[in-house]
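J.: Shown below is the structure under consideration.
Every read-out reported here was derived from the displayed coordinates using simple, explicitly stated rules and does not represent laboratory data. None of these values were measured; they are calculated from a predicted model. For neighbour counting, all protein chains shown are included, and Cβ atoms are generated from backbone atoms with ideal geometry for every residue, glycine included.
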Amino acid sequence: MLKHLKSNDKPIYDLLKAEEKRQHEGLELIPSENYVSSAVLEALGTIFTNKYSEGYPGKRYYGGQMNIDPLETLAIERAKKLFNADHANVQPLSGAPANLAVYFAWMEPGDTILGMDLSHGGHLTHGDPRTAAARVFNFIRYKIKDIETGEIDYDQMRDLAKKHKPKIVLAGFSAYPRELDYAKIASIANEVGAIAMMDMAHIAGLIAAKQLKNPFDFGFHVVTSTTHKTLRGPRGGLILSKGIVSNPLSPVEKKIENIPTLIDRSVFPGLQGGPHDNVTAAKAVAFKEAASPQFKIYAKQILKNAKRLSEQLMKKGFKLVTNGTDNHLMLVDMITSFNVSGLQAERVYDAIGLTLNKNMIPDDQRKPFSPSGIRLGTPAITTRGMKEKDMDQIAEWMYKAITHKDDEKYLNKLHKEVIIYCKNFPLPSDF
């Protein structure tokens, strides 16, 4: 395997082997990362990558689609069934383009979107001023009401919606450890005539496995996602919607019931050309895996591991934002905990083979590249077969490392322990 790469491009081959070694010998705690199965990886590396297929099944601008059309149709049907949607667009190249496609499908330049504040757990594409979307649309941001419980200020959300009349009320997050009240959010959207949209990128796998609530069950119109993270597929995007599915290449009136078609037209030809058919194949494989009984067991274990790890960290003096977690991730205030910045903590944990990321906490007074917090989660380590007792060990390493952060010899000792420990938990794929 990889013999052609090794002979044709040794520097790239060497980097790949080095990354393979890093993944085998360390623990991936970044909550937005995961390990794909051998089947997903195989699909991703197929000759589907050679094909161009602008358009949609049955309506393409290129010939030779006799295998591509059933491939994309299969991916669409599997995604619809998995999330109880009327329609699925499996072509978005990632989560950010998926969100942009929805914005442009429903909004006009200057229209308003009500989304979660980045520092309170939202995502860049939910209105950060540095993003392209923020140059086109007007974003208003809501926040957490109580940092100790993590409760979102739904009264503030309703007041902002009434005042600013958004076209989209946007739920979803990248660093929020609690469950959302979808019924309240949908009610607020309906009250002001907006569509209710959820970015479930982080928790898609948990929703697919019915371990967390499905926004569609509470009246949401659109749900976007990545296909990696907890869903454990290839890096890509997905848009699910409720409404009437019609010819994606024919204009339709801008009504809520036409959202599926408006989104299709926004993805292509609005934002993208040809989809990546090899990625579509890998998405289809991942959707099938996520519908299996084994995946449900996996998702349950993610939550068990996250709860146990959060409890063990708090026992050792780590201050968790919202004092725990309801999902797969946790946010730690490292300044309050150990007077260490998130950047310093990230580097310390890198040194012992624990990969996590620095992250801002609500109303953080520090800069994004040296924030007060760190973000970590359990999807990837659960994929490797880890259980609650392993969370105890990880918490112990995290405590020892941060309290000996300036002792290089001690950190090297911990790193060796991590490498030995990892040998008991092989990756699900061989690369």
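J.: Please list, in order along region 73-83, the HN-Hα scalar couplings obtained from phi with the Karplus expression 6.51 cos²θ - 1.76 cosθ + 1.60 (θ = phi - 60°), rounded to whole Hz, x for Gly and Pro.
T.: 4, 5, 4, 4, 5, 5, 5, 4, 5, 5, 10
J.: What is the gain in length, in nm to one decimal, between Lys17 and Ser292 on full extension, counting 0.36 nm per residue of separation less the C-alpha to C-alpha distance?
T.: Fully extending the segment from Lys17 to Ser292 adds 95.9 nm.
J.: Still on this structure, please answer the following. At 10 °C and 1.306 mPa s, what whole-number value in µm²/s does Stokes-Einstein give for the translational diffusion of region 99-155, with Rh from the Kirkwood sum over Cα pairs?
T.: 133 µm²/s
J.: In square nanometres, what is one fourth of the surface area of the convex hull spanned by the alpha carbons of region 297-422?
T.: Values: hull surface 28.3 nm².
Convex hull of Cα atoms, orientation-averaged projection: 7.1 nm².
J.: With each label point set 7 Å from Cα along the Cα-Cβ vector, what nm distance links Glu54 and Arg130?
T.: 3.4 nm
J.: Something else now. Tabulate in residue order the Karplus-calculated ³J(HN,Hα) for region 188-203, using 6.51 cos²θ - 1.76 cosθ + 1.60 with θ = phi - 60°, rounded to whole Hz; enter x for Gly and Pro.
T.: Going residue by residue, I get 5, 4, 4, 4, 10, x, 9, 8, 9, 10, 10, 9, 9, 3, 6, 10 Hz, with x marking Gly and Pro.
J.: May I ask you to order 146-153, 267-274 by the average number of other C-beta atoms within 10 Å around their residues, highest value first? Don't skip to the end; give the middle numbers.
T.: Working: 146-153: 15.4, 267-274: 17.1.
Packing order, densest peptide first, comes out as 267-274, 146-153.
J.: Turning to a different aspect of this structure: Just how many % of Cα pairs in region 70-175 lie over 24 Å apart, if you round to the nearest whole percent?
T.: Here the long-distance tail beyond 24 Å is 34 percent of all Cα pairs in region 70-175.
J.: From the backbone phi of region 376-392, what are the Karplus-calculated ³J(HN,Hα) couplings (6.51 cos²θ - 1.76 cosθ + 1.60, θ = phi - 60°) in whole Hz, Gly and Pro given as x?
T.: In residue order, the calculated couplings are 8, x, 10, x, 5, 5, 6, 4, 7, x, 6, 10, 4, 4, 6, 5, 4 Hz.
J.: For every helix of n ≥ 4 consecutive DSSP H residues, a contribution of -39,500 (n - 2.57) applies; sum these over the chain, divide by its total residues, and give [θ] at 222 nm rounded to the nearest 500 deg cm²/dmol.
T.: Working: 17 runs with 183 residues, N = 431.
Result for the chain: -13000 deg cm²/dmol, rounded to the nearest 500.
J.: I'd like to compare 70-79, 91-100: which one has the highest average count of other Cβ atoms within 10 Å, and what's the full order after that?
T.: Ranked by mean Cβ neighbours within 10 Å, highest first: 91-100, 70-79.
J.: While we're here: Cα centroid distance between region 1-74 and region 178-198, in Å?
T.: Region 1-74 and region 178-198 have Cα centres separated by 36 Å.
J.: Next up: Return the long-range amide H neighbours of Leu331 (sequence gap of 5 or more, or a different chain), with a cut-off of under 5 Å between placed amide H atoms.
T.: When sequence neighbours closer than 5 places are left aside, the close amide H contacts are Val321.
J.: Out of every Cα-Cα pair in region 213-329, what percent are more than 16 Å apart? Present the calculation step by step, with values, prior to reporting the outcome.
T.: On the way: 4926 of 6786 pairs.
Of all Cα-Cα pairs in region 213-329, 73 percent lie more than 16 Å apart.
J.: Obtain the radius of gyration and the Kirkwood radius of the chain from its C-alpha atoms and give Rg over Rh.
T.: That ratio equals 0.97.
J.: Can you compute the equivalent ellipsoid semi-axes for region 42-290, i.e. the square root of 5 times each eigenvalue of the Cα gyration tensor, sorted largest first and rounded to whole Å?
T.: Three semi-axes, in Å: 30, 20, 15.
J.: Oh, and also: Could you give the length gained on full extension between His24 and Lys184, defined as 0.36 nm per residue of separation minus the Cα-Cα distance, in nm?
T.: 53.3 nm
J.: For region 294-344, list log₁₀ I(q)/I(0) at each q in 0.14 Å⁻¹, using the Debye formula over Cα point scatterers of equal strength and ignoring solvent, two decimals each.
T.: -0.39
J.: Another question, then. For region 353-431, how big is the tail of P(r) above 16 Å, as a whole percent of Cα pairs? Please list the in-between numbers first.
T.: On the way: 1882 of 3081 pairs.
Summing the P(r) tail past 16 Å for region 353-431 gives 61 percent.
J.: Please list the non-local residues whose amide H lies under 5 Å from the amide H of Ala209, H modeled 1.01 Å from N, same-chain partners needing a gap of 5 or more.
T.: Counting only residues 5 or more places away or on other chains, the set is empty.
J.: For Lys165 and Glu388, compute 0.36 nm times the residue count separating them, minus their Cα-Cα distance, and round to one decimal in nm.
T.: In short, 75.7 nm is gained.
J.: Taking the Cα atoms of region 133-249, report the difference between the largest and smallest coordinate on each principal axis, in whole Å and largest first.
T.: Principal extents (largest minus smallest coordinate, Cα): 41, 38, 30 Å.
J.: Can you pull out the trypsin sites (Lys or Arg not before Pro) in region 258-316 whose DSSP state is coil and whose Cβ has at most 16 other Cβ atoms within 10 Å?
T.: Values: sites: Arg265, Lys283, Lys288, Lys296, Lys300, Lys304, Lys307, Arg308, Lys315, Lys316; in loops: Lys316.
Sparse-neighbourhood loop trypsin sites (Lys or Arg not before Pro): Lys316.
J.: If one computes the Cα centroid of region 81-155 and of region 387-410, what distance in Å separates the two points?
T.: First find each Cα centre; the distance between them is then 36 Å.
J.: Could you list which residues have their amide H under 5 Å from that of Ile152, counting only those 5 or more apart in sequence or on another chain, with H placed in the peptide plane?
T.: Lys145
J.: With 10 Å bins from zero, work out the P(r) of region 1-148 over every alpha carbon pair and list the percent per bin.
T.: 8, 22, 27, 30, 12, 1
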